[in-house]
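Following: one structure in structure tokens, then a few remarks.
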Amino acid sequence: MSTFLGNKERLTPSQSSLSGALSGVVTRAVISPFDVVKIRFQLQHTPIAKRQGGLGLVKSVVLLARDEGLSAFWKGHTASQLLSIVYGAVVFGVFEQITSGAWLLLPNQYHVTSAKPVISFVCGGVAGCVASVVSMPLDTLRTRMVMQRQNEVYKSTLDAFSKTCTREGMSGLIRGLIPNVAQVFPASALQFGSYTSFVCVHNMLTGRQTLSSPESLLCGALAGLISKAATLPFDFTKKRLQVQGFTSVAGRKVPQYTGVLHCVSAVYKQEGVLGFYRGAL
């Protein structure tokens, strides 16, 4: 991605994959508690307007720590880390490969700064889709590990994999694939496209072609915020479909859906539009 943005030193696809995998490991270790709380919120199915059953953020954190211990904030961490490694390695490796190819194939008149965000948007979306399909089984296992209390269904990630395949077949590992791809293309496209846009703006304002670590971190954080905010409803739908096959977990009934459209329709009727934004904060 460095050459594409104008830096002299270029990362090879393998170097980009390694960088993506390592950054995924670090990021996942830090944000895991927030991700666990978000998933728990997304799997609640009471109308947000009704506080009975739809717990507030602070209360949810307190109850989770009290009932399940601090380790609960890292539930499914093995699957989460594997997901981050696989997704990060694939998405950055594929992105570097196809952007480099696109840049070489494009006519010279498109080799301008204004074209870079567009190319990043398209290539980022494609790279995200490839990575999401490859890592989808790990995403499903992570969600199922997070939803349970005290290992009531699965004892480990390997146990979750074995039981899911035995009871539901391999298709059980890719539940929610359609909303996942529908989420990941715009999410990844917006993240890479926004990041490139911020970098281009930075370069024009400062006259420099390189970013410091804090500047790169800020650009990445803003791009991620835009990406997540725009695609949260798709992520919510995916999470609801990933736990299909269970009638109840942790004493709560699991809503049953026949597919993506039924899930979207049922959530809209029962929980309203805000239901799709559970866990946003």
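For the chain, with a Gaussian network of springs between Cα atoms less than 10 Å apart, report the residue from Ser100, Ser194, Ser17 with the top mean-square fluctuation.
Maximum among the listed residues: Ser100.
What's the magnitude of the charge dipole for segment 168-281 around its Cα centre, counting Lys and Arg as +1 and Asp and Glu as -1 at the beta-carbon? Answer in Debye, nearest 20.
For segment 168-281, the charge dipole is close to 320 debye.
Kyte-Doolittle cut-off -0.5, length cut-off 27 Å along the helix's own axis using Cα: show which whole DSSP H helices in the chain pass. Present the calculation step by step, with values, prior to reporting the outcome.
On the way: long enough: 13-42 (37 Å, 0.46); 77-105 (41 Å, 1.07); 116-147 (40 Å, 1.06); 177-206 (42 Å, 0.83); 213-242 (38 Å, 0.27).
Sorted by number, the helices that extend far enough and score high enough are 13-42, 77-105, 116-147, 177-206, 213-242.
Rank these residues by their accessible area, most exposed first, probe 1.4 Å: Tyr154, Tyr87, Tyr195.
Details: Tyr154 5, Tyr87 70, Tyr195 45 Å².
Heavy-atom accessible area, descending, gives Tyr87, Tyr195, Tyr154.
Using square roots of five times the C-alpha gyration tensor eigenvalues, list the equivalent-ellipsoid semi-axes of segment 167-213 in whole Å, biggest first.
Numbers: eigenvalues 314, 22, 4 Å².
Value: 40, 10, 5 Å, ordered largest first.
Can you give me the % of accessible surface on segment 157-273 that is carbon or sulfur? Probe 1.4 Å, all protein chains present, nothing else counted.
Working: 4060 of 5970 Å².
Carbon and sulfur together cover 68 percent of it.
Which aspartates and glutamates have a Cα less than 18 Å from the Cα of Lys253, not counting those fewer than 8 places away in the same chain?
Once the sequence-local aspartates and glutamates are set aside, what remains near Lys253 is Glu152, Glu271.
What ranking do 131-143, 208-220, 168-180, 32-44 get when scored by the average of other Cβ atoms within 10 Å per residue, highest first?
Numbers: 131-143: 22.8, 208-220: 13.5, 168-180: 17.5, 32-44: 20.5.
In descending order of packing, they fall as 131-143, 32-44, 168-180, 208-220.
When we measure straight from the Cα of Lys116, which lysines land under 21 angstrom away, once same-chain ones fewer than 8 places off are left out?
Hits, sequence-local ones excluded: Lys8.
Could you please state how large a percent of the accessible area of segment 114-154 is carbon and sulfur, counting protein chains only and using a 1.4 Å probe? If you can, show how the numbers build up before the last one.
On the way: 890 of 1330 Å².
Ligands and nucleic acids excluded, carbon and sulfur reach 67 percent.
Of Lys238/Lys269; Lys228/Lys269; Lys38/Lys59; Lys75/Lys155; Lys59/Lys228, which sit over 21 Å apart, Cα to Cα? Let's see the in-between values first.
Working: Lys238/Lys269 18 Å; Lys228/Lys269 24 Å; Lys38/Lys59 13 Å; Lys75/Lys155 11 Å; Lys59/Lys228 24 Å.
Pairs exceeding 21 Å: Lys228/Lys269; Lys59/Lys228.
Helix-only mean residue ellipticity at 222 nm, the chain, DSSP H runs n ≥ 4 weighted -39,500 (n - 2.57), per residue, nearest 500. What is it?
Working: 8 runs with 187 residues, N = 281.
Here the helix-only value at 222 nm equals -23500 deg cm²/dmol.
State in Å² the accessible area per residue of the chain; use a 1.4 Å probe, count heavy atoms of protein chains only, and round to the nearest integer.
Numbers: 14340 Å² over 281 residues.
Heavy-atom accessible area per residue stands at 51 Å².
The values are calculated or read from the model by the stated rules, or taken from the named source; none is laboratory data. Keep in mind the model is a prediction, meaning the values are calculated, not measured. Cβ sites come from the backbone with ideal geometry, for glycine too, and all protein chains shown count toward neighbours. For the accessible areas, the whole protein counts, side chains as well, though only heavy atoms, and no ligand, DNA or RNA atoms are used. Shrake-Rupley method; radii C 1.70, N 1.55, O 1.52, S 1.80 Å.
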